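Worksheet: one structure, shown below.
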Amino acid sequence: MPLTHSTSDTVIACSLPLPENYRTAELLAFHARDETGTDARVVDHTIFKGICWDGTPALISIKCAGGFASAQLAIDGRPSATDRERLVDVVTRMMGLNQPVEEFERTYQDHPVLGKMIAMHPGLRIPAASSPFEAVTWAVVGQQISLAAAISIRRRLVSSLGQRHSCGLICHPSPNQIAISLADKLTAAGLSHAKAATLLNLANQIETRTLALETEQSFKAPEAVGEALLRLNGIGQWTVSYTLLRGYGYLDGSLHGDAALRRSMQMQPGLPATVSEDSAKEWLAQFSPWRALVAAHLWAMLGVQA
């Protein structure tokens, strides 16, 4: 279904310079994972993404060309004075431009295992969700199921609870929209009862300000967010590490519990043919503070977008 003309009251724009080796194809692939394009769509090398902006449906569009990322925010409502500054921050995180990958590559370009991965995927960055809450929702939905199943469940969740932007895309639901939902509505989207309870608890913690995902401090020190998340029922280390990676661009989460990561490790020369979670954790530990970026390189060696 083509995007309709946006009738948004406000359009805010910004332009960000890109590193010479920026990998646009992987950014586009991440946002095109759901082929139905419920809340995100890639058209003519441009990302269109529906988001909830201060409770109002909004559309972010990002096009990479000529060494720059040109972004626009179309809000179905009245803007605030800080919208442009926030747009720059959101686009920077979504594109992984806040990730110091050059330092990682200089450090490990001659490593016997990582050196080959870096040479095959120079400039590799991790695309992020539009918000930490979207990232943690992805992580909870995706616990112990395939990527295809997670995409299907997430699509139904967004369609059921999200607001529609004037362009036609549905915005990922806000914590408030999850918090006021009945558990039956979440399980109808395909979530297990346990995952529905986890999401409801998460959303309520955010709404009551017990858990802060998007404060200035949380973006500066996401490790504290991870510690708070680990105290909640239904959230373990994989969910936390994936949330911090996709929500903040935090590169030191240990994703040793990821099956695809361990499968990729087993295929690398110089590593054991059988890799347990414990041995994966031990091997990744030597690369701190880059463990999640190492995981991304291992995923890339499999040709997967985890």
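Remarks
- Computed on the Cα trace of the chain, the radius of gyration divided by the Kirkwood hydrodynamic radius gives Rg/Rh = 0.95.
- Temperature 20 °C, viscosity 1.002 mPa s: under these conditions the Stokes-Einstein estimate for segment 198-302, based on its Kirkwood radius over C-alpha pairs, is 147 µm² per second.
- Sparsely packed loop sites in segment 206-306 (the trypsin sites (Lys or Arg not before Pro) outside DSSP H, G, I, E and B with at most 15 other Cβ atoms within 10 Å) comprise ARG209, ARG231.
- When shorter helices are ignored and each DSSP H run of at least 4 residues is given -39500 (n - 2.57), the per-residue value for the chain at 222 nm works out to -13500 deg cm²/dmol.
- Counting every alpha-carbon pair across segment 1-153, the share separated by more than 17 Å comes to 67%.
- Segment 79-179 - Debye-derived log10 I(q)/I(0), Cα point model, q = 0.15 Å⁻¹: -0.85
- Order of THR82, THR92, THR137, THR243 under a 10 Å beta carbon neighbour criterion, fewest first: THR82, THR92, THR137, THR243
- Residue among GLN163, MET265, PRO19 farthest towards the positive dipole end of the chain, charges placed on Cβ: GLN163
- Estimated translational D of segment 259-301 in µm²/s (Stokes, Kirkwood radius over Cα pairs; 37 °C; 0.692 mPa s): 319
- Net charge dipole size for the chain [Lys, Arg +1 and Asp, Glu -1 on Cβ; Debye, nearest 20]: 540
- Cα→Cβ-extended label distance, 7 Å offset, between VAL88 and GLU277, nm: 4.3
Every number here is computed from the coordinates shown, using simple stated rules; none is lab data. The structure presented is a predicted model; accordingly, all values stated were derived computationally and were not measured. For neighbour counting, all protein chains shown are included, and Cβ atoms are generated from backbone atoms with ideal geometry for every residue, glycine included.
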